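Comments concern the structure below.
The values are calculated or read from the model by the stated rules, or taken from the named source; none is laboratory data. Since we're looking at a predicted model, the values are computed, not measured. Using ideal geometry, Cβ is built from the backbone for each residue, glycine included, and neighbour counts are taken over all protein chains shown.
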Amino acid sequence: MSTNSVCWNCQNIIPPNVFLCQKCNKIQPPKQVNEFKLLGISEEFDLDLEELEDAYLKLQQLFHPDKYSQLSEKEIKYSTLLSSMINEAYQKLNSSISRASVLLQLKGINSHPEDSSFNDSQVLEEVMEIQNEFLEAEDSEQKKISIQKLNSRITETIDDLSISFKKQDYEIAKKLNIKLSYLEKIKVNFKKQL
């Protein structure tokens, strides 16, 4: 839980998730906040990506290190750290997989798809079937059809993931996020082979 802090310059009380002192307008040291709070957007899976980008651009405009280049070393350091945090938060929330992982972590669920030993045989069979179909395709047209099918499965999985978050069924969301991670990796591999 975030707590108030004190401005390093004027000792004014700074509320959580505020990075500029309201009294002296000095940039404050970055605080550990989740990506949603940092960008000031709702903690939900279904995000308006344009709204996400707008929030990101507004924050970068406020805290970009170039804006602080003529100020103290402390302010340059804080703006560099904060700008980096803003970039990282945007990248995570812009991806369905990492956004789901962030949400699951906020719910106390270890959600790193790459760390999980996954033993859902139905999903593994589905993944193998997709890979085999692509590998057995005899020409680029058939490979493109395989990729279209894969894209449909990715869209279905994202839709199912959205539903599981709305229902607060986080164990299902975790499984779906792992499945989505596999599907996205296959998509990258397929595109390399076209």
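Return yes or no: is Phe118 in contact with a Leu (Cβ under 9 Å, 6 or more places away or on another chain), surrounded by 12 or more Cβ atoms within 10 Å (Cβ to Cβ), of a type outside the set (Gly, Ala, Ser) and modelled with pLDDT under 85?
Numbers: in contact with a Leu (Cβ under 9 Å, 6 or more places away or on another chain): yes; surrounded by 12 or more Cβ atoms within 10 Å (Cβ to Cβ): yes; of a type outside the set (Gly, Ala, Ser): yes; modelled with pLDDT under 85: yes.
Taking the combined requirement at face value, the residue satisfies it.
Leu135 passes all but one of (1) of a type outside the set (S, T, N, Q); (2) outside any loop (DSSP other than H, G, I, E, B); (3) closer than 30 Å to Leu57 by Cα; which number fails?
Failed condition: (3).
Output the residues belonging to the range 54-79 that are charged (D, E, K, R) and loosely packed, with under 13 Cβ neighbours inside 10 Å.
Asp66, Glu73
Taking the stated definitions as given, is Lys185 free of Cβ contacts under 8 Å to residues at least 40 places away in the same chain, assigned to a helix (DSSP H, G or I) and closer than 14 Å to Ser98 by Cα?
Values: free of Cβ contacts under 8 Å to residues at least 40 places away in the same chain: yes; assigned to a helix (DSSP H, G or I): yes; closer than 14 Å to Ser98 by Cα: yes.
Criteria met by Lys185.
For the range 40-68, which residues satisfy the criterion of being outside any helix (DSSP H, G or I) and under 18 Å from Gln28 (Cβ atoms)?
Kept after step one, since they are outside any helix (DSSP H, G or I), are these residues of the range 40-68: 40-48, 64.
Once the filter is applied, which keeps residues that are outside any helix (DSSP H, G or I) and under 18 Å from Gln28 (Cβ atoms), the range 40-68 yields Gly40, His64.
Criterion first (among the β-branched types (Val, Ile, Thr) and in contact (Cβ under 8 Å) with a residue 24 or more places away in the chain) does Ile41 satisfy it? Don't jump to the end; show me each part of the working.
Details: among the β-branched types (Val, Ile, Thr): yes; in contact (Cβ under 8 Å) with a residue 24 or more places away in the chain: yes.
For Ile41, the condition - among the β-branched types (Val, Ile, Thr) and in contact (Cβ under 8 Å) with a residue 24 or more places away in the chain - is met.
Identify the single condition in (1) of a type in the set (D, E, K, R); (2) outside the structural domain of Asn177 (by TED's automatic domain parsing); (3) surrounded by fewer than 14 Cβ atoms within 10 Å (Cβ to Cβ) that Glu35 does not satisfy, given that it satisfies every other one.
All conditions pass for Glu35, except number (3).
If I filter the range 146-194 down to residues being under 18 Å from the mean Cα position of the chain (by Cα) and of a type in the set (Asp, Glu), which single residue comes out as modelled with the lowest pLDDT?
Checking each candidate, the answer is Glu184.
Right, Leu82: within 30 Å of Ser164 (Cβ to Cβ) and surrounded by 18 or more Cβ atoms within 10 Å (Cβ to Cβ) or not? Steps first, please.
On the way: within 30 Å of Ser164 (Cβ to Cβ): no; surrounded by 18 or more Cβ atoms within 10 Å (Cβ to Cβ): yes.
Against the criterion (within 30 Å of Ser164 (Cβ to Cβ) and surrounded by 18 or more Cβ atoms within 10 Å (Cβ to Cβ)), Leu82 does not qualify.
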